[in-house]
Amino acid sequence: MTVRMVRTAVLMLLVCGVGRAAYAQDAPRVGLTMGYPGSIGVLWHVTDRIAIRPEIDFFRTRVTFESSGSALLPANEDEDTSRVIRPGVSALFYLGPMEDLRTYVSPRLVAVSTETSNSDQDSSNYLVSGSFGAQYRLGTRFAVFGEVGIEYSRSETRFSVPSPISGTTTVRRNGVASRSGVGVVLYF
């Protein structure tokens, strides 16, 4: 069994096990989240005032480079594939009493993993954000949420430069941006 299969099996057991324990309670405490920008996750209400929301989003792109050629360079075609996986976790701290409409503040941490097929790149990226949000429960098994906030990002990418100029180049980026998101929660 590969490491990826073991991790997937453990995650599924955890989600199913937590879901069964919460099923017997009056108010569901575990739900599946689907949000925009595209992410899926689990919302677990640890207490009436605190919830944890692990989530993941991913994408894959394929870029094709074509040159028609010139007097100095021949015609060329090349393809590059990138995969980005962004697992993250948010902690939701609810501000008011337990009602249908609840507001919360939420710190969030996201680690970014990038893999590029035709490149000798090594990158480490993370995002840290703080948000203010609201969640509205439409029934016992369904809720919607929205949040806005500020996000800080930091990335460092190292790549090798081929001969005749061989060496390593490092690019560091820091940034601050606004952040917003909306989503739904389907409780088990």
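Would you check if there is a residue in segment 80-98 being outside any strand (DSSP E or B), surrounded by 12 or more Cβ atoms within 10 Å (Cβ to Cβ), in contact (Cβ under 8 Å) with a residue 24 or more places away in the chain and small (Gly, Ala, Ser)?
Scanning segment 80-98 turns up no residue that is outside any strand (DSSP E or B), surrounded by 12 or more Cβ atoms within 10 Å (Cβ to Cβ), in contact (Cβ under 8 Å) with a residue 24 or more places away in the chain and small (Gly, Ala, Ser).
Taking the criterion of being touching a strand residue (DSSP E or B) at 6+ places or on another chain (Cβ under 6 Å), within 25 Å of Pro54 (Cβ to Cβ), modelled with pLDDT of 90 or more and not in a strand (DSSP E or B), would at least one residue in segment 135-148 satisfy it?
Checking segment 135-148: at least one residue is touching a strand residue (DSSP E or B) at 6+ places or on another chain (Cβ under 6 Å), within 25 Å of Pro54 (Cβ to Cβ), modelled with pLDDT of 90 or more and not in a strand (DSSP E or B).
Does Ile40 satisfy being part of a strand (DSSP E or B), of a type in the set (A, V, I, L, M) and touching a residue at least 24 places away in the same chain (Cβ under 8 Å)?
no
Please pick out the residue among Arg60, Arg102, Arg83, Arg53 that is under 22 Å from Tyr187 (Cβ atoms), basic (Lys, Arg) and within 16 Å of the chain's Cα centre (by Cα).
Selected residue: Arg53, the only one of Arg60, Arg102, Arg83, Arg53 that is under 22 Å from Tyr187 (Cβ atoms), basic (Lys, Arg) and within 16 Å of the chain's Cα centre (by Cα).
Here are some conditions: (1) at pLDDT below 95; (2) not in a loop (DSSP other than H, G, I, E, B). Ser163 meets all but one. Which one does it not meet?
It is condition (2) that Ser163 fails.
The values are calculated or read from the model by the stated rules, or taken from the named source; none is laboratory data. Please read these numbers as outputs of a predicted model, since none were measured by experiment. Cβ coordinates were reconstructed from backbone atoms using ideal geometry, including for glycine residues, and neighbour counts include every protein chain displayed.
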